[in-house]
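This report concerns only the one structure given below.
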Amino acid sequence: MKVLFVTSEAAPFVKTGGLGDVAGSLPQALNAKRVATRVMLPLYESIGEQWREKMTFKKYIYIELSWRKLYCGIFELKHEGVTYYFLDNEYYFKRPGTYGFFDDGERFAFFCRAVVEVVAELDWEPDVIHLNDWQTAFVPVYMKELQYRFPKLNDIKTVFTIHNIEYQGRYSRDILADVFGLNEGWYADGTLRMGDSVCMMKGGILTSDYVTTVSPTYAQELQYPYFAQGMEGVLSLVSDHFCGILNGIDTASYDPATDTRIAKNYDATTFADKAVNKAELQKSFGLEENPDVPVIACIGRLVAHKGMDLVMSVFDRLMSLGIQFVILGTGDYKYEQFFRSAKNYYPGRFSANITFSELMARRIYAGADIFLMPSQKEPCGLSQMMAMRYGTLPVVRETGGLKDTVRPYGTEGESGFTFANYNADDMFNVICFAVDKYYNDREHFNEIAVKDMQTDFSWSRSAAEYKKLYMNITGKR
Ligand code: GLC
């Protein structure tokens, strides 16, 4: 079985969120299951010299996108047993940053078109092309467009994975022909049409052979308008070939026993050494050094669907508990500003880090006691698993992958604390409960933390599920 994994980001080369982590670790896990997996992504400016010097230039081709004729260089790199193809076009990708440009639709339409034409040219033929999120959603659309020119495309099956339905790649219909090079039929028959605009993700969902998302609960939730952002009807059309497969994390990289970026390594048998990391965290993040105060941490994009409104609305009540709080992430201005200014009111107790840093994230996972993730919507969520791996108990809302990975305190298999409704008081109450357990039942609190460290969050199980899926749709082994 040969799979081409197409993504707009992959760790360690380029990562803005969970998709980068998934694309950086699932291909390895698939290879370990004897699914020969290669990865294709854009060659962004930010991909540094240390990688570029190891790449080999294979060749270049020209891609036609409507009236544009565009250069596409193909670079290859082998990293930890996986072959990566980087597609180069400086006009689209030599820019500061990964996403957020006015012409993102055009940039990723180019990428999708290039993927299809490169596959047609390559001396390696995948059985399955596995697509991820809207940036890659036009691959199956262009495969259908180009199937007569390249008959071998007809033998390739496609899987489309939704990592987050909040981002769909919606653009004005005016650009359908002029930018995407697609005829009116794609719009008129509804494949790409959403209201009065073109929705790239809809195209990916409707033209792929199979659709997945990143947790079983999120797959259920996507039936409802509250979660699906207008896409519930589209997903009901594919319900007979749609399922949720839970993500894993890179347990070799996120391992407190070997992670070289934390102050002191520890494992389930030396859990007490986590305290060294806590002291170090307090020292370097401007918190008072006190081993007995619980440190609550929050890492992630500071945006509404991650539950930031809940945190903001009970912030002062939260800080009135005997806790310390550390936050790491960037996002919407209103949240960034709120946390920046809140820092002045709670010196030594609240640490606002409006940035993203892998190093800081790891030190927080290792040093904190409680990890807060009150998402309104969470397709899978990886941070709660990383926190548990470092023995930090999660407090989560019961949604998407959070529900699938965290069992509430006091129930069978308890692994953290949960609340059901998207409500600030409910969140506050469960944090109070967790803090109370920290102060008054530390032994049991730590027992759960040690158990969490031993839970298997690796990709092995999910990679096996993907393999089964690839075999089902191709009929190959
Ligand atoms: C997105 C989702 C997150 C998920 C990740 C990887 O970032 O928001 O919940 O874990 O993709 O699939």
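The values are calculated or read from the model by the stated rules, or taken from the named source; none is laboratory data. The structure displayed is predicted, hence computed values, not measured ones. Virtual Cβ from ideal backbone geometry, glycine too; neighbours counted across all protein chains shown. The protein model used for the area step is the full one, side chains on, heavy atoms only, and it has no ligands, DNA or RNA in it. Shrake-Rupley method; radii C 1.70, N 1.55, O 1.52, S 1.80 Å.
Over all Cα atoms in segment 233-350, the spread is summed up by Rg and Dmax: 18.8, 56 Å.
In this label model, residue 270 and residue 166 are separated by 3.8 nm, measuring between points 7 Å along each Cα→Cβ vector.
The value given for segment 103-168 is a Kirkwood hydrodynamic radius of 12.2 Å, derived from the mean inverse Cα-Cα separation. Across the alpha-carbon set of segment 268-456, the Rg to Rh ratio works out to 0.92, Rh being the Kirkwood radius.
Counting pairs of alpha carbon atoms under 8 Å apart in space and at least six apart in sequence, what relative contact order in percent does segment 268-456 give? Relative contact order, segment 268-456: 22 percent.
About its Cα centre, the dipole of segment 268-456 is roughly 540 debye, where the only charges are +1 on Lys and Arg Cβ and -1 on Asp and Glu Cβ. Note on the chain: the alpha carbon radius of gyration divided by the globular reference 2.2 N^0.38 Å gives 1.00. Solvent-accessible surface of protein heavy atoms, probed at 1.4 angstrom with all chains present, puts 178, 189, 103 in the order 189, 178, 103, largest first.
In the chain, the longest principal axis of the Cα atoms and the axis of helix 18-32 are about 70 degrees apart.
Atom-type composition of the exposed protein surface of segment 268-456 places 49 percent of the accessible area on carbon and sulfur (1.4 angstrom probe). When shorter helices are ignored and each DSSP H run of at least 4 residues is given -39500 (n - 2.57), the per-residue value for the chain at 222 nm works out to -11000 deg cm²/dmol. Probe of 1.4 angstrom, ligands and nucleic acids ignored: what's the accessible area per residue over the chain, in square angstrom? Heavy-atom accessible area per residue stands at 39 Å². On a 0 to 90° scale, report how tilted helix 104-121 is relative to the longest principal axis of the chain, with both axes built from alpha carbons and the result rounded to the nearest 10. Relative to the chain, helix 104-121 is tipped by roughly 60 degrees. Backbone N atoms of segment 461-477 closer than 17 Å to the 7 Å Cα→Cβ label point of residue 255 belong to residues 461. Backbone N atoms of segment 219-235 closer than 18 Å to the 7 Å Cα→Cβ label point of residue 461 belong to residues 219-220. For the chain, a crude dipole built from +1 on the beta carbon of Lys and Arg and -1 on the beta carbon of Asp and Glu, taken about the Cα centre, is about 800 debye to the nearest 20. Of all lysines in the structure, those lying under 20 Å Cα to Cα from residue 437, and not within fewer than 8 positions of it along the same chain, are 274, 278, 451. The relative contact order of the chain, computed from alpha carbon pairs under 8 Å that lie at least 6 residues apart in sequence, is 13 percent.
Projecting the Cα atoms of 294, 270, 356 onto the charge dipole of segment 268-456 (Cβ charges, centred on the Cα centre) puts 356 farthest toward the positive pole. Packing, taken as the mean count of other beta carbons within 10 Å per residue, orders the peptides 228-234, 85-91 from highest to lowest as 85-91, 228-234. About the Cα centre of segment 100-211, how large is the charge dipole given +1 on each Lys and Arg Cβ and -1 on each Asp and Glu Cβ? Please answer in debye to the nearest 20. In total the dipole reaches around 220 debye. Partner aspartates and glutamates whose Cα lies under 18 Å from the Cα of residue 78, excluding those fewer than 8 positions away in the same chain, are identified as 9, 21, 49, 53, 88, 123, 125.
What is the angle, in °, between the Cα long axis of helix 274-284 and the longest principal axis of the Cα atoms in the chain? Nearest 10 is fine, range 0 to 90. Helix 274-284 sits roughly 80 degrees off the main axis of the chain.
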